[in-house]
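Taken together, the values in this text are just the output of simple stated rules run on the coordinates, not laboratory data. What you see is a predicted model, and the numbers here were worked out from it, not measured in a lab. Here the Cβ positions follow ideal geometry from the backbone for every residue, glycine too, while neighbour counts run over all protein chains shown.
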Amino acid sequence: MRSPLNIKRGPILLTVILGCLILFPVFSPSPYLIHIITLIFIWSYVSTAWSYMGRFGLVSLGHGAFLGTGAYITALLFNFFNLSPWIGMLIGASGAVFLAAVLGYACFRSGIIGDYFALVTLAVGELVALSIIAMREITGGSLGFTLRSLGNSPLYFQFGSKVYFYYISLLFLLFALYLWKRIDKSKMQKALKAIGEDEVAASSVGINIIRHKMAIFIISAFLTGIGGVLYAQYITYLNPHTLSGVTVSLAIPFKAILGGMFNIWGPAIGTAMIVSLEEYIRVSYGTKFVGVSEVVYGIALITLIIFLPKGLYGTVLEIFHKRQRSAETIT
Amino acid sequence: MPPSLIQVLIMLSLDGIGKFFGGLAALSDISLKVEEGEFLGLIGPNGSGKTTLFNVISGVLKPSSGRVSFMGADITGLYPDKICHLGVARTFQIPRPLKDLTVVENVMLGALFGDSGRSTYHSEETAKRDAIKYIDFVGLKVGELTMPDELTAAGLRKLELARALATSPTLLLADEVISGLNQEEILEASSVLNRIRDEMGVTIIWVEHIMGALMSLVERVVVLDYGKIIAEGKPSEVSGDKRVVEAYLGEEEQEVY
């Protein structure tokens, strides 16, 4: 699907938006706004990585497993062995990749697809959360633990100002979007599209189903693992429920599905809407409605999947293109 | 050339293939040899196991017993993509186009992924060129942006053939490429099959449950009934075989009345 951002005005509009985002902190707005936008960047990055596979019908409801694995391995290596998270994140993300490889191979080899794949991943996400809680001695169990503070120490991924995190997470998000484009131009994208539609037909023309699914699952898990590190370094506190439980595992796909996982901008737009909405509810209603966002999530998710499977942004695009096409045929 | 030097190459060899679904034997003890360059017809009433046999050869199903050899190598239980890479292509009885891709892109998939390891690496451009070549070859008339759902039944069957050919096979498993077509389309599709064998040198096993067009084209016919081979031979011999008439034509007549 072509996005209006790709037609003529596309590059200009994109440059303007990017320019605004880069210049935004310069005008020293409130740290609160910087904080919210940083959160949007981090979760956009994660939900974009989720959509790498989600858009080909590989719906994972357990990405918290990779988020948590990446974040905990990295943070524990730092707290106990003083290993810089810049290096640790590669080890953490490799842990996420290992998990994805084992899980993926087991599922794809035995033909677990669709809803069944979603259910298996959901269980694995919770399994990782429970394992973290069980290893109370080192992980602090369900109370979580705090990163050792070094003050401003860029070599150890700790900064005195939130602005650094703003720019770093923006960079990561841009990388994830760039990788999306690269995947779109690759042979792998065609193979995955075919697999997503009809595995039997795809394999009959010589497409290796397991290899392609493994590849995209591993890429997605690697980026998600890094995303966990990003979030943990920013918040400086790790908790199994915010990093790998069912709630976060469901929140990631929800953001992507809301925006529309078939379009490169969909996950980011969905994330911006959700994070803003959550903040709005939190600020205006405080703790009166704790848990209400989960209820809203559930209802909205079901409604979306039934009525707008392409997500909000995806649906807007579709209407836009239909208008354009009918305008073209008239003129 | 003295006759002793003419070697007949056995391309595909099935030895005692059996396939059970629960307690039901869909195929039992199928043994069959197909020579290189042959045009073999495989017929049988509905439910006789023709498509199941294709699924076993192409790797979609693993046989419960027996061995499938292709060009002398055991390919039993290999994944379909592997078997495709070795040079076995198939069409589907119920066409399975990828609906979100254009017709050209569907065929391109075959060119891009079908022959990895056997011939040159395909770039998008060469794959597209090849795709258009095969689309022309099967006589499919489409534009660059035509989607599969704009095709007729005959068009979809041609798409199946073009996509299979794009994987540059040496053996083609053609599953009911003329069923549901009118007389004119049947003649056209049969002549395409004939040209695939003669001009491209592809060995063909053609499955059909209607006898008509098939019998006039193929050199040898194998008849399946209830998962067993009940007759085998030249079309003229087979159509006179008493067991075939009973199992097969008998049923056809019942269908008529």
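Where does the protein assembly as shown land at 222 nm, in deg cm²/dmol rounded to the nearest 500, when only DSSP H runs of n ≥ 4 count, each adding -39500 (n - 2.57), divided by all residues?
Per the formula, -18500 deg cm²/dmol.
What nm value, rounded to one decimal, do you get for the distance between A:L277 and B:M200 when each label is placed 7 Å out toward the C-beta?
The answer from the label model is 5.1 nm.
Tell me which residues come under 5 Å, amide H to amide H, from B:G41 once H is placed; ignore anything under 5 positions away on its chain.
For B:G41, whose amide H was placed from the backbone, the distant partners under 5 Å are B:W206, B:E219, B:R220, B:V221, B:V222.
State the volume of the convex hull built on the alpha-carbon positions of chain A, expressed per residue in Å³ and rounded to an integer.
Given the Cα convex hull of chain A, per-residue volume reads 156 Å³.
Output wanted: per-residue J couplings in Hz (rounded whole) for segment A:91-104, from phi through Karplus 6.51 cos²θ - 1.76 cosθ + 1.60, θ = phi - 60°, x for Gly and Pro.
Listing the rounded values in order: 5, x, 5, 5, x, 4, 5, 4, 4, 5, 5, 5, 4, x Hz.
What is the distance, in nm, between label points placed 7 Å from the Cα along the Cα-to-Cβ direction at A:A101 and at A:L21?
Label-label distance for A:A101 and A:L21, simple model: 3.2 nm.
Residue by residue through segment B:149-163, which ³J(HN,Hα) values in whole Hz follow from phi under the Karplus form 6.51 cos²θ - 1.76 cosθ + 1.60 (θ = phi - 60°), with glycine and proline marked x?
Values, residue by residue: 6, 8, 8, 7, 4, 5, x, 5, 5, 5, 4, 4, 5, 4, 5 Hz.
Once you list every other residue whose beta carbon is under 11 Å from the beta carbon of A:P267, what net charge do they have if Lys and Arg are +1 and Asp and Glu are -1? Please report the intermediate quantities before stating the final value.
Values: positive: A:R55, A:K255; negative: none.
For residues surrounding A:P267, the net value is +2.
Using the alpha-carbon centroid of each, what span in Å lies between segment A:97-158 and segment B:102-173?
Distance between centres, Cα-based: 43 Å.
So if we plug the beta-carbon distance of A:F145 and B:S236 into 1/(1 + (r/R0)^6) with R0 = 60 Å, what FRET efficiency do we get, rounded to 0.05? Don't skip to the end; give the middle numbers.
Working: r = 84 Å, r/R0 = 1.40.
The pair A:F145/B:S236 has a calculated efficiency of 0.10.
Starting at the first residue of segment B:21-38, write each ³J(HN,Hα) from the Karplus equation 6.51 cos²θ - 1.76 cosθ + 1.60 with θ = phi - 60°, in whole Hz, x for Gly and Pro.
Here the 3J(HN,Hα) series is 10, x, x, 8, 8, 7, 9, 9, 6, 8, 10, 7, 10, 10, 8, 5, x, 6 Hz.
Starting from the Cα gyration tensor of the protein assembly as shown, take the square roots of the eigenvalues, sort them a ≥ b ≥ c, and report rounded, prolate or oblate (rounded when a/c is under 1.5, otherwise prolate if a/b is larger than b/c, else oblate). Intermediate values should be presented prior to the final figure.
Numbers: a/c = 2.63, a/b = 2.10, b/c = 1.25.
Cα axes put the protein assembly as shown in the prolate bin.
Please build a GNM for chain B, connecting alpha carbons under 10 Å apart, and tell me which residue among B:R90, B:R220, B:R157 fluctuates the most.
For chain B, modelled as a Gaussian network with Cα springs under 10 Å, the answer is B:R220.
Cα-based Rg of chain B per 2.2 N^0.38 Å, rounded to two decimals?
After normalising by residue count via 2.2 N^0.38 Å, the value is 1.01.
Most fluctuating residue of B:I230, B:I83, B:I132 in a GNM of chain B with Cα springs under 10 Å: which is it?
Maximum fluctuation in the GNM of chain B, among the listed residues, is at B:I230.
With the Cα gyration tensor of segment B:52-163 giving a ≥ b ≥ c as the square roots of its eigenvalues, does the rule (a/c under 1.5 for rounded; else a/b larger than b/c for prolate; else oblate) give rounded, prolate or oblate? All intermediate terms of the calculation are to be shown ahead of the outcome.
Details: a/c = 2.70, a/b = 1.57, b/c = 1.71.
Oblate, because a/c is 1.5 or more while a/b does not exceed b/c.
Only sites in a loop by DSSP and with at most 11 other Cβ atoms within 10 Å count here; which GluC sites (Glu not before Pro) in segment B:83-154 make the cut?
Taking segment B:83-154 and a limit of 11 other Cβ atoms within 10 Å, the loop GluC sites (Glu not before Pro) found are B:E144.
Which of the pairs B:K133/B:K228; B:K19/B:K133; A:K310/B:K158; B:K50/B:K158 have their Cα atoms more than 28 Å apart in this structure?
B:K133/B:K228; B:K19/B:K133; A:K310/B:K158
How would segment A:27-172 be classified by its alpha-carbon gyration tensor: rounded, prolate or oblate, with rounded meaning a/c under 1.5 and the a/b versus b/c comparison settling the rest?
It is oblate, given that a/c is not under 1.5 and a/b is not larger than b/c.
Extending each Cα 7 Å along its Cβ direction at A:K322 and B:E219, get the distance between those two points in nm, one decimal.
It is 5.6 nm.
Amide H of B:T76 versus every other amide H placed in the peptide plane: which residues, excluding those fewer than 5 positions away on the same chain, fall under 5 Å?
Here the answer is B:V68, since their amide H atoms fall under 5 Å of that of B:T76.
Would you mind calculating the relative contact order of chain A from Cα pairs under 8 angstrom and at least 6 residues apart, reporting the percent as a whole number?
Taking the mean separation of contacting Cα pairs over the length of chain A, I get 29 percent.
Rank A:Y231, A:Y297, A:Y52 by mean-square fluctuation in a GNM of chain A with C-alpha springs under 10 angstrom and give only the top-ranked residue.
Maximum fluctuation in the GNM of chain A, among the listed residues, is at A:Y297.
Using +1 at the C-beta of Lys and Arg and -1 at the C-beta of Asp and Glu, which of B:G240, B:G180, B:S168 has the Cα lying farthest in the positive direction of the dipole of segment B:129-257?
Ranked along the dipole, the leading option is B:S168.
Once amide H atoms are placed 1.01 Å from N in the peptide plane, what residues at a sequence separation of 5 or more from B:R90, or on another chain, have their amide H within under 5 Å of its amide H?
B:L173
Residues of segment B:141-161 with amide nitrogen under 19 Å from the 7 Å Cα-to-Cβ point of B:E184?
Under 19 Å, as judged by backbone N against the label point of B:E184, lie B:141-142, B:151-159 of segment B:141-161.
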